[in-house]
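Coordinate-derived values only; no laboratory data. Computed from a prediction, not measured in an experiment: that's the story for all the values here. A quick note on method: Cβ atoms are made from the backbone with ideal geometry, for glycine too, and the neighbour counts reach across all protein chains shown.
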Amino acid sequence: MQLNLLVLRCKNIETSKNFYEKLGLTFVQEQHGKGLIHYSSYVGEMVMELYPLKDGYNVENSRLGFNVELENIHAYLTNVGIEIVSEYEFDNKCTVVVIDPDDRKVELVNE
């Protein structure tokens, strides 16, 4: 089994799109039939979609993780204005945690 789709509901879809673009994703705008306009990006073979949050709904407490290839992840995140909220090492790999615009924790593992 392999994960092939991740849909995130976002309080402000443009703010969330900008955040994930700073992390290196490239989005295209889509609309399926008469559905909501949203953004889509491939992460490897998985599709990640950003949808606007419908009125009266809450953003669930999700956590995302991405492998990244950055020489100095701290400098990069500082340069693009993203704050690191925690950091740890696992399997001899540095993992930093940032918070996206909808308060989801996003783990970035430096490969």
In terms of the charge dipole of the chain, which places +1 on Lys and Arg and -1 on Asp and Glu at the beta carbon, the residue among 36, 19, 106 farthest towards the positive end is 36
So, relative contact order of the range 1-81 in percent, Cα under 8 Å, 6 or more apart, is 32
At R0 = 22 Å the Cβ-Cβ FRET efficiency linking residue 32 and residue 66, nearest 0.05, sits at 0.30
Taking the convex hull of the alpha-carbon atoms of the chain and averaging its shadow over every direction gives an area in square nanometres of 8.1
